[in-house]
Amino acid sequence: MLSYAKTVYCPNCGSLKIQPKNLDKNGEIFTFTIVRRGFGRMKDRAPYGLLTVLSADGCKILGILSNNSNLSELKIGKKVVLESIDEQSNPTYRFI
Ligand SMILES: [Zn+2]
């Protein structure tokens with residue numbers, strides 16, 4: 001089973017035998033919403049696209065669309081690629 005973010009045990013069976021793996025950077029939008037009122041560190045960024053991305057290797061990842069200017073292009077199934085990972089926030093994705 002693949003899981004993101006990193007865990008200390010398997011969320012499926014509870015095993016502590018965890019191995020790190022680099023996830024495929026390519027994926028598609030599984031579902032999304034447009035956040036129009038952000039809070040905390042995202043307060044000034046709204047509106048922005050909040051995505052669940054299904055990575056090419058089968059992991060669902062909560063991410064943010066990196067470019068706020070193309071929110072109207074958001075569509076389930078659209079191809080995206082990982083753009084950056086910030087330990088303080090969610091990974092960002094851009095359209096391919
Ligand atoms: Zn397991």
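Read the figures in this text as sums done on the coordinates, not as results from a lab. Note that the structure is a prediction, hence the values are computed from the model and not measured. So basically every Cβ, Gly included, is an ideal-geometry build from the backbone, and we count neighbours across all protein chains shown.
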For the chain, which span is the longest to avoid every loop-located (per DSSP) member of trypsin sites (Lys or Arg not before Pro) having at most 11 other Cβ atoms inside 10 Å? 44-74
Sort Ser55, Ser72, Ser3 so that the residue with the fewest other Cβ atoms within 10 Å of its own Cβ comes first and the one with the most comes last. Ser72, Ser3, Ser55
Would you mind working out the magnitude of the charge dipole of the chain relative to its Cα centre, with +1 at each Lys and Arg C-beta and -1 at each Asp and Glu C-beta, to the nearest 20 Debye? 200 debye
Pairs of alpha-carbon atoms within less than 8 angstrom and 6+ residues apart define the contacts here; what relative contact order does the range 26-95 have, in percent? 33 percent
Members of Lys6/Lys43; Lys17/Lys75; Lys43/Lys75; Lys6/Lys78 lying beyond 30 Å, as alpha-carbon distances in this model show: Lys17/Lys75
In bins 10 Å wide, starting from 0, what share of all Cα pairs of the chain does each bin hold, as a percent? 16, 45, 29, 10, 0
